[in-house]
1. Please order Ile25, Ile135 by the number of other Cβ within 10 Å, starting at the fewest.
2. Can you divide the C-alpha Rg of the range 3-136 by 2.2 N^0.38 Å and report the result to two decimal places?
3. Just need log10 I(q)/I(0) for the range 39-112 at q = 0.15, 0.28 Å⁻¹, Debye formula, equal scatterers on the alpha-carbon atoms, no solvent, rounded to two decimals.
4. Given R₀ = 22 Å, FRET efficiency for Ile76-Thr42 by Cβ-Cβ distance, to 0.05?
5. Given 0.36 nm per residue, what is the gain on full extension from Asp33 to Ala113 after removing their alpha carbon distance, in nm?
Amino acid sequence: MNQHTHNHESTTSTGGLSAARLAAIADALTVPDGGFTVDPATGDAARTGYAVAVHPEYEHICDGHVTAEDLADYLIRTRHVLALPGRVFGGWCDPGTRRVYLDVSAVVATLHAALELGRDAGQRAVFDLDAATSIPVPPAPLPVVGKEPPVDPTPPIPAPRAERTPPPCPPGNHARTATSRPPSKPPAGGKPTPKNRPGSTPKRLTGGPRKSPTSRRSPKNGSPHSR
């Protein structure tokens, strides 16, 4: 295989990124916080939005200087993932460690969406293409601006009800209750009457009808009381 055939196959495997283009973007990785985000099919750079790595399983970390050949080898290994809709080729130089990260990224329109994707993928930062700077990914979800806090499901404790005083009765209309009637007492110094004497119900005498005390026999009939 001659050199011309090898260069043709490398260009085909790396899509629209030529060797000269790969060398140019490799130079961008020598600057702290430098990087690139390009469409591997056309070689065009993304210039607006937020770039975030969405395939951590294809992330490649380089401790030393990255060359155009290193970039070409990475494109060949990940070409099936980069062929997915919305995927771009990205690289970033960590300003703290000077390590270079190569990854398969996506470009989204809002910072909130980029940080959410970055946290889900375990990324340390996303890249603001408009400002050409990286933004750290917070460990906790960001609050949605304009969204009201959730309502406390615990209902408030009601205030104690004030006791109501019944209105006074109008004059001349005092209703007597069972508890307001004085107990019945026998008259002072007297004997209990049949009404208040317990068991005072008169019993009927036996032995026939009771005779009236005023009835007397006539003398003609031989009454024992006749004189």
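Throughout, read-outs are computed from the coordinates displayed, never taken from laboratory work. Keep in mind that what you see is a predicted model, and the values were worked out from it rather than measured. Cβ coordinates were reconstructed from backbone atoms using ideal geometry, including for glycine residues, and neighbour counts include every protein chain displayed.
1. Ile135, Ile25
2. 0.99
3. -0.51, -1.46
4. Efficiency, rounded to the nearest 0.05: 0.80.
5. So the chain would gain 26.7 nm between Asp33 and Ala113.
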